[in-house]
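Enquirer: Got a structure for you, written out below as structure tokens; questions coming shortly.
A short reminder: the numbers here are calculations on the coordinates, not readings from a lab. Only a predicted model underlies this, so the values are computations on that prediction, with no experimental measurement involved. Cβ sites come from the backbone with ideal geometry, for glycine too, and all protein chains shown count toward neighbours.
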């Protein structure tokens, strides 16, 4: 028997069902990698060994989908049992050759057996509008809870593709668009995307956002608990808009630097906000 | 003469004493303008403000060398118009290199205790002690740890091979022991010269202590005197017990004939519980001779005529006072003889401890309410007397001083040991925090807590039974914001960006304006920047995350999980081991960073306090803070934790970062923005 199979078997035999932890799952992944690489009927054998455990883990563990499994998806060797282990697609140049990444992403987006994917993280790759559109129309897009696209340079057109997709909706609670060269269309797009009415975390730092009045007055963003606008030149008027927004009272974390809001005028606006919660107000008062 | 444009200070003329002699006519004109028009100060450029502040510094020290009181008044009035320049902090106190309206208490500190970027601005007017810099502190910031300024003077008072001698003199009273100090002529000469080094400062409680004084530490003098007393121990044993040594902390007093007397008082005995030491006899060494009315009274014993180098000993249980000589200066040293005691020789006296806590508190309060001075004086005396005689039972009608304070709409009553709050106004954690802020006079933003309170003195019955009714009329509006809020500390630490190995460090600052598309710097993904940021976060987290109380600006945030409330007690969880506080100890506290622009500064009071006792009575929470009980002493200091952020508007060269790593300047960058070169 392939050495890797033996390791998987031993690991599973020594791990009672129901007592699995993230650590045992990580160890399992380590064993699976070479086993899957060996290919052939051994994969089915592995699944037989693992079946009882996989059923438990499916609900209990959220982990990035291992690279070799993604490759197995493409080659039709990957067992659906394995795919169900992971609820996250995590694609970065560290995991996949850069030139392969968009293609793999689009291939995954077209699959119909990935409805359990609730989190997508794509980072450090330039995504053009078509790829972003493909992602936002993926079969699993309707159930996505978390979408993180940091450092992808999607730009205004990419943002448009995201926010205008009818598939991304109320299930989405985390949207991470930091460092994406998003600028002038930002507030129009996000402010009008009323179907994004379940967002709790919105990360926009490191963009070119300088107008946020419409965003601050978007009723569908009243669910926000965390808003990161650092390194955007929103200036004192932006700070005033945030401070006067009646829809941002639920914010628990507001990340901004004093330089982003034009110094003392912006600080004063946030410190005296009638709507922001008192902890946020006091953090700004502390800077006065 | 160009009045409006005097030459800005050049680096070379900032150095003291280069700038002392000969203020330029332009600078004198500038000072004249400030004196003529107090509003002018705010209109001056930064450079001119610095020029004026340096000039005030130099005039102040020149005035100290002349007996011309008019000149002194002139400098003081000028100083009142000048606001503090720089942001140096020493021993937890904000200090200024020049006198100002707020920073007017002169102190001498080791120059190395001042951050390097500010150090050159501070004068070193003591020619024999060039390592000591003159700083001006704000008395409103004083707490019991910083009331006194203890100078390290061993360098001035070295013992030689020749021993000091004490020759017993006939005493007019059984309670007094008199000696003549002789031997070691070099040390005697050095003692006599102490009067001439310009070390005197006004005492905090000048009304009752009078004259000028300074406190110093001199180990070799202590050892020499300890040896000199050895032959006389059989004669002293009855009063003294098991002699250990002369306390190396001395006070030097100087009285001119017109000075008010050193008011009648009882000395507060020294105690070092760890070593089993207490002081039992007060020692006075008269460096000058003269006649007073009387020069010294100890109980019933009077000394009117004192010869130079007379040493007087008396038991510390005796009330005593001293008056100036009829002519000539009266200069004397004061210290005490310390003895060893066994634990079973001492009785636990919590009431005396409470009284001592009140005395310390009232001393600090005198800065704001001078009429409390006599209550502080009385409390010290009662506490000191209680060490020897026990505390007499109070008459039911005895009146004490209470501070009624209001802090942001919350009223409370305090006397240094007891704190009363309206139960409806505050949580127990908030009550404990207010009591701690008040006791240690913590700095919020740039203001001491006590200066942020409005205070009035209530002279009321000591039993405090009237307080619930008095406070009940001053309850907060229940709709008001809570006084303190819990902070999600993680909000101070946004995670670093992912490293982009291809992200090179920019060589130049890219300017942008709103007419052009703004391309944000990707500098936050540069490997060196991310590593620096992570390291800075680790350092900040180590201080911030375990802290029960965070002070940011003038805001106070709590971590309620760091307060453990049990029946009748509140424990504030601290992270440092408990160490005894020696009131006469000399300590250098690390410099607190205040002004880093790339960091948000969080002050974290490092508190080691015994459990706070509390009870609920008549709608009030009554806290009792016996910080000095038994061996409980408090270590308190505020340390700054600079919460880092990656600044993208200012860029630094990659070479600079590399150099910073290589030269281990990282720590300095954490400490102060001055190390951040701006391109």
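Enquirer: Using Cβ counts within 10 Å as a stand-in for footprinting exposure, how do B:410, B:95, B:201 rank, fewest first?
Expert: Fewest to most other Cβ atoms nearby, the residues stand as B:201, B:410, B:95.
Enquirer: Using 1/(1 + (r/R0)^6) with R0 = 56 angstrom and r between the beta carbons of residue B:161 and residue B:305, what's the FRET efficiency to the nearest 0.05?
Expert: Approximately 0.95, to the nearest 0.05.
Enquirer: Please report the equivalent ellipsoid semi-axes of segment B:57-216, computed as sqrt(5 x eigenvalue) of the Cα gyration tensor, largest first, in whole Å.
Expert: Gyration-tensor ellipsoid for segment B:57-216: 34, 19, 16 Å.
Enquirer: Assuming R0 = 45 Å, what is the FRET efficiency of residue B:233 and residue B:566, from their Cβ-Cβ distance, to the nearest 0.05?
Expert: 0.35
Enquirer: Over all distinct alpha-carbon pairs, what is the Kirkwood Rh of segment B:450-490 in angstrom?
Expert: Kirkwood radius, segment B:450-490: 13.8 Å.
Enquirer: By average Cβ neighbour count within 10 Å, what is the ranking of A:234-245, B:222-233 from highest down?
Expert: Going by the mean number of other Cβ atoms within 10 Å, highest first, we get A:234-245, B:222-233.
Enquirer: Using only C-alpha atoms and all pairs of different ones, pull out the Kirkwood radius for segment A:94-253 in Å with one decimal.
Expert: Kirkwood radius, segment A:94-253: 15.8 Å.
Enquirer: Return A:222, B:96 ranked ascending by Cβ neighbour count within 10 Å, so the fewest neighbours appear first.
Expert: A:222, B:96
Enquirer: Could you tell me the extents of segment B:157-272's C-alpha atoms along the three principal axes, largest first, rounded to whole Å?
Expert: 39, 32, 32
Enquirer: If you don't mind, another one. Which distance in nm do the two modelled labels at residue B:327 and residue B:408 give, with both placed 7 Å along the Cα-to-Cβ direction?
Expert: Result for the modelled spin labels: 6.2 nm.
Enquirer: Using a 10 Å cut-off around each Cβ, can you sort B:543, B:374, A:203 from fewest to most neighbouring Cβ atoms?
Expert: Least crowded to most crowded, the residues run B:374, B:543, A:203.
Enquirer: If you don't mind, another one. Rounded to whole Å, give me the distance from the Cα center of segment A:233-259 to that of segment B:240-273.
Expert: Answer, in whole Å: 59.
Enquirer: What is the calculated FRET efficiency for residue B:40 to residue B:462, with r their C-beta to C-beta distance and R₀ = 51 Å, to the nearest 0.05?
Expert: Result of the calculation: an efficiency of 0.50.
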